[in-house]
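Trainee: Questions regarding the structure given below will be posed in turn.
Derivation of every value follows stated rules applied to the coordinates shown; laboratory data play no part. Everything numeric in this text was worked out from a predicted model, so none of it was measured. Using ideal geometry, Cβ is built from the backbone for each residue, glycine included, and neighbour counts are taken over all protein chains shown.
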Amino acid sequence: MRRLLAIALALVACGALAQAPRKLEPLPEAPPPPPGVENLTPSEPSVTIEQPAGQQVEEIRQGGRVVALKVTPKNGPPYYLVDPTGNGNWVRRNSLDGIAVPQWPIKTWQ
């Protein structure tokens, strides 16, 4: 009985090996990025400095997405706005001590 089972499995395996490989086609070249898009690598954050209404705002970006803002008001100490979960809920912090910017979500549900 075992010999018959082994022969049947060998025939199934031979049939799978005898199939001709599919004809593969090369992928087309990737299109160039649209105009106005910067070529940022994920490991290099970019900083944009703006000065609206007498205060200085520094945007800290990672991969084209804003991960933190440093706001320096005209009169007062600077503070940070951080999005810890990436869903747009900004949290005000007095310093970035103990916060690893950028933070990536491990799992999301949609």
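Trainee: How charged is the neighbourhood of PRO77? Take every other residue with its Cβ under 13 Å from the Cβ of PRO77, and add Lys/Arg as +1 and Asp/Glu as -1.
Mentor: Local charge sum for PRO77: +4.
Trainee: Right, next: Would you tally the net charge around ALA68, using a Cβ to Cβ cut-off of less than 10 Å, leaving ALA68 out, and scoring K and R as +1, D and E as -1?
Mentor: Net charge around ALA68: 0.
Trainee: Give the order of TRP109, TRP90 when sorted by the count of other beta carbons within 10 angstrom, beginning with the fewest. Can you show the working numbers first?
Mentor: Details: TRP109 3, TRP90 13.
Result, fewest neighbours first: TRP109, TRP90.
Trainee: Which order do peptides 75-88, 22-35, 1-14 fall in by mean Cβ count within 10 Å, highest first? List each step's numbers first, then the result.
Mentor: Working: 75-88: 12.5, 22-35: 6.1, 1-14: 8.9.
Top to bottom by mean Cβ count within 10 Å: 75-88, 1-14, 22-35.
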